[in-house]
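Notes for the one structure printed next.
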Amino acid sequence: MIHFVLLIVCAVAIYLSCEWFVNAVEWLGERLNVGKMAVGTILAAFGTALPESVVTLVAVTTGATDEAKNIGVGAAMGGPLALATVAYGVTGAMLLLKRRKERAAALAETGMPPTHPEAEEALGSAADVKRLAKDQKWFLPIFIVKVALGLVAFAFKPVLGLLFFAAYAVYFWREIRGGDDEDDEEGPEVEPLKFQPKAASPATWAVVAQTLVTLVVIFFVSQLFVKQLDAIGPMLGLSAAVTALLLSPVATELPEIMNAVIWVRQGKTKLALANISGAMMIQATVPSGLGLLFTRWHFDAALLWSGLITMAAIVYLLLTMRVHKLTPARLTVAAGFYVLFALGLIPILS
C-alpha cells in the first residue's frame, strides 16, 4: 500500500515542480533572449530530458555486465517511444478538454454553438504546423539510423556515436539562432516568477535559482516515482521485463508530459508541443551517442518493436500535418500506438 501512496505523492510533486519549472524557464528564455519556441525545444526539453540522459550515462559507463549496460540502451529507446505516443496523446486529450470547456462557455454566453466542433479544428495555423513538422522531419531520419545501427555489427560502430552528438549540436544551433520571427507570443504573458511573485521583472539570480531547484526536485522525485513503479509492477502480476519496457518509459518522461499539460492549461499550445519535439530530439541523439560509445548497441526483438512503433507514430503525425489536418482528436490517436506496442510485447516476451 505504501508504494501506491508514494506513487501518488510523487506524481503530485512532479506536477507542482514542473509548474514552477516552466514558470522559471520562460523567464530564463527572456533573460537569455532566445526565441519563444527555443524555450520549449531547447531550455525546457534539456532540463526535463537531463534525468534520463544521466541514467543512460551511469548505466552504460558503470554497468559491470552487458545486461546492466543494456538498461541504458532500453532507456534510449523507451524515451522517444513514450514521447511520440503517450506525451502527444495526452497533449491532444488536454486540448480536447480545454476546447470543450471553451465551447461550453461560449454556448452558455451566446446561446449558439461554434460553427465547427472543437475536435475538428486544426492545431494552429499552417505556419505552426509546418514548424512542428520540421522537428519531426529532423527526428525521423536520425531515429531510423539509430535503429538500423542496432541491427548490425562492425568494428567502428562506437565512433558513430559522436555523429549523434554532432546532430544535436546542429539542431541546438538552429533553434537558438531561429530568432523571434515565427515565435509570436501565444496566450497570456509570462506569469510572475514564483520566487519573486511581486516583482514585475524578477532578478536573474532568482530565475536561475528557481530553475535549478525545480530541476533537482524533478530529478530525484522522478527517480523515486520509477522505483515505486518497479515495485508495483510485480504486485500487479507484471514481469520485470514488462515493467521496464512498458511502464518505466512513461514514468521517466512524466516531466515532459506534465510540462505539456501545464502549458496547454495556460493556453500556450505551441510551447507544449515544442517541449515534446525538443525532448524527442535530445532522446534520439544524446543517449544514443552514449549507448553507441559504451555498449554493443545490439537490439533484441522488444527493442526493435519499440523502434518500429515509434517510427510508425511519427509517420502518422507527419502525414496528418502534411494535409494540415492535425487536430486535437488526431493528436490523441498517437497514444493508440503505445497500446499497439503493449499488445505486440505479449508474443515477444511470452
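Using a 10 Å cut-off around each Cβ, can you sort Arg177, Arg330 from fewest to most neighbouring Cβ atoms?
Taking fewest neighbouring Cβ atoms as first place, the list is Arg177, Arg330.
What percent does the relative contact order of the chain come to when contacts are Cα pairs within less than 8 Å and at least six residues apart?
RCO, the chain: 42 percent.
Provide the packing ranking of 309-322, 243-256, 197-210, i.e. peptides ordered by the mean count of other C-beta atoms within 10 Å per residue, highest first.
243-256, 309-322, 197-210
Hull surface divided by four, with the convex hull built on the Cα atoms of the chain: how many nm²?
Details: hull surface 77.1 nm².
Averaging across all directions leaves 19.3 nm² for the Cα convex hull.
Residue by residue, what Karplus-based ³J(HN,Hα) values in Hz, rounded to whole numbers, does the stretch 33-39 have, using 6.51, -1.76 and 1.60 with θ = phi - 60° and x for Gly and Pro?
The phi angles translate into 6, 9, x, 4, 5, 5, 4 Hz.
How much mean residue ellipticity at 222 nm does the chain get from its helices, if each DSSP H run of length 4 or more adds -39500 (n - 2.57) and you divide by all residues, to the nearest 500 deg cm²/dmol?
So the helix-based figure for the chain works out to -24000 deg cm²/dmol.
Per residue of the stretch 83-100, in order, report the coupling 6.51 cos²θ - 1.76 cosθ + 1.60 (Karplus, θ = phi - 60°) as ³J(HN,Hα) in whole Hz, putting x for Gly and Pro.
The phi angles translate into 5, 6, 10, 5, 4, 5, x, 5, 4, x, 5, 5, 5, 4, 4, 5, 5, 5 Hz.
Read-outs: derived from the displayed coordinates by stated rules, not from any lab. What you see is a predicted model, and the numbers here were worked out from it, not measured in a lab. In this analysis, Cβ positions are derived from the backbone assuming ideal geometry, glycine residues included, and neighbour counts consider all displayed protein chains.
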